[in-house]
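**Student:** Pasting a structure here, questions to come.
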Amino acid sequence: MDVGAHLPLTEATYFILLSLAPGPSHGYAIMKDVLMLSQGRVVLSTGTLYGALKRLLELDWIYRTEDPQLDGNDRPRKTYRLTVKGRGASKRR
């Protein structure tokens, strides 16, 4: 699928991709990074974040892995990483 077909990126999507550029991250950390990177302009609710992550997974711009660190429910914490497509998309805003 052509990345260009999904441009321009929404501000939320752009900052999510930007937050994952340095390396893998879990949902709450992504929310905090987006707030910081956007200088407070983009405040993600959990619904918005996980809806965007679902879409990015479907586009193959990110993929999910399990962090050995446990979440609050004693399950491995899910982290997200950029794919090659996702790296390309984050540079084409």
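**Student:** Considering only residues that are surrounded by fewer than 14 Cβ atoms within 10 Å (Cβ to Cβ) and among the polar types (S, T, N, Q), which ones fall in the range 66-92?
**Tutor:** Gln69, Asn73, listed by residue number.
**Student:** Can you name the residue in the range 4-25 that is open to solvent by 40 Å² or more (accessible area, probe 1.4 Å) and outside any loop (DSSP other than H, G, I, E, B) and, of all such residues, is modelled with the lowest pLDDT?
**Tutor:** Out of the qualifying residues, it is Ala5.
**Student:** Among the residues that make up the range 27-43, is at least one of them over 10 Å from the mean Cα position of the chain (by Cα), surrounded by fewer than 16 Cβ atoms within 10 Å (Cβ to Cβ) and among the aromatic types (Phe, Trp, Tyr)?
**Tutor:** yes
**Student:** Pick from the range 26-46 the residues that are assigned to a loop (DSSP other than H, G, I, E, B) and among the hydrophobic types (A, V, I, L, M, F, W, C): which of them is nearest to Leu59 (Cα to Cα)?
**Tutor:** Narrowing the range 26-46 to residues assigned to a loop (DSSP other than H, G, I, E, B): 38-45.
Checking the rest, the ones that are also among the hydrophobic types (A, V, I, L, M, F, W, C) come to 42-44.
Working: Val42: 22, Val43: 23, Leu44: 20 Å.
This residue is Leu44.
The values are calculated or read from the model by the stated rules, or taken from the named source; none is laboratory data. All of these numbers come straight from a predicted model, not from anything done at the bench. Heads up, the Cβs are rebuilt from the backbone with ideal geometry, glycines too, and the neighbour counts pull from every protein chain shown. Areas reflect the complete protein model, heavy atoms only, side chains present, ligands, DNA and RNA absent. Shrake-Rupley method; radii C 1.70, N 1.55, O 1.52, S 1.80 Å.
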